[in-house]
C-alpha cells in the first residue's frame, strides 16, 4: 500500500479517573483500558478522515497489545509496521483530571514495547510514495531507541519526498522541559507543519509572548505554524500571513486526543487541497468533536461529521 500519512511513536492504553478531582495518589475508581498514545490517536483520526494511514510502533504480546492491534486495524490503520514483542509489555498511561481540563499522568513507557522498537526493522519500502510523516514529541522522550526510530523515519520520509508534521507534545512527566527543548530542536527545524500549543510555542522558541514565539518558529522558512489554543481555536502562521480561526463551543467530556485530532485534520485538509483558512476550520471542528466523549479515540470524528459543524 502507498500511504498518504505515516505516524511514528508510542501506542499505549489509557486508564483514567471517571470524574475530575480524583487524584491518582489515593484509591478510587478507574475506567478503561482505552486505546491511546498521541501518534496512535493521530493515525486513527487521519484514517477516519479518509487518509490511507500507516503506523509504526511497538506493542507487547499481551492483552493490551491485542486491544491496540484490534482497534487500529478496525479503524483502517495499516498495522504491518507494528513490532509485537514477547519480552515487553504494552505502554500504559494513568490519567486524572482537574475541573479546568488539566491532567495528571503516570506513564509506563520507557521500558514498554513502545520504547524498544528496532530501527533496523523500519524499512524504506514502507515509506515508498508516502506524502506525509507525523511524529509526536512525546515519542522522542521515551528512549534512545524511540528517538532513533523517529529520526530514521524522518530520513526515509524525506527521501520519499514526503512532508513532515511535528507536534511537540511536551510531557514533563517523561522529561524536563529544558532537556526536551534541546531534544526536539532537530525535528522542529525539519518540520513543514508545526503543531504546538501556545504554551509549547513559547517554551520551544524561548520567548514570553505568543506572537513573538510563533514568528520565531516560523522564521524565514516555507512552513506552517498552527498554534493550538483549545476552545479559543487556533492561529496559523505562514509566509502568506496570519490567520485567526475561532473554536467551537462544545461540552467537554475528555480533552485527551483533541490536539492529535487537530493535527490529523490539518494534514488531511492540506492533502485535500483546502486553503489554509479552510484547513484550520476543518481542524478546529475535528478537535472540538474529539472532546465530547470519554476515551482518547472515542470522539474522533469522520469527515462527514466534521462537515456538519464547520
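The values are calculated or read from the model by the stated rules, or taken from the named source; none is laboratory data. All values reported here derive from a predicted model rather than from experimental measurement. Here the Cβ positions follow ideal geometry from the backbone for every residue, glycine too, while neighbour counts run over all protein chains shown.
Here are some notes:
Each row is one residue, and each column tells you yes or no for (1) in a loop (DSSP other than H, G, I, E, B); (2) surrounded by fewer than 24 Cβ atoms within 10 Å (Cβ to Cβ); (3) touching a helix residue (DSSP H, G or I) at 6+ places or on another chain (Cβ under 7 Å); (4) free of Cβ contacts under 8 Å to residues at least 24 places away in the same chain.
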| site | (1), (2), (3), (4) |
| --- | --- |
| 252 | yes, yes, no, no |
| 273 | yes, yes, no, yes |
| 280 | no, no, no, no |
| 295 | yes, yes, no, no |
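- Checked against (1) farther than 29 Å from residue 107 by Cα; (2) in a helix (DSSP H, G or I); (3) free of Cβ contacts under 8 Å to residues at least 12 places away in the same chain, residue 220 passes all but a single condition, namely (2).
- Boolean, residue 240 is out of contact with any strand residue (DSSP E or B) (no Cβ under 7 Å at 6 or more places or on another chain) and exposed (fewer than 14 other Cβ atoms within 10 Å of the Cβ): yes
- Taken as a whole, segment 97-108 holds no residue that is surrounded by 19 or more Cβ atoms within 10 Å (Cβ to Cβ), at pLDDT 95 or above and either in contact with a strand residue (DSSP E or B) (Cβ under 8 Å, 6 or more places away or on another chain) or closer than 29 Å to residue 251 by Cα (or both).
- Selected residue [part of a loop (DSSP other than H, G, I, E, B) and more than 19 Å from residue 217 (Cα to Cα)] from 149, 117: 117
- The residues of segment 190-217 that are under 16 Å from residue 269 (Cβ atoms) and assigned to a strand (DSSP E or B), listed by number, are 193, 194.
- Residue 158 in contact (Cβ under 8 Å) with a residue 12 or more places away in the chain, surrounded by fewer than 19 Cβ atoms within 10 Å (Cβ to Cβ) and in a loop (DSSP other than H, G, I, E, B): no
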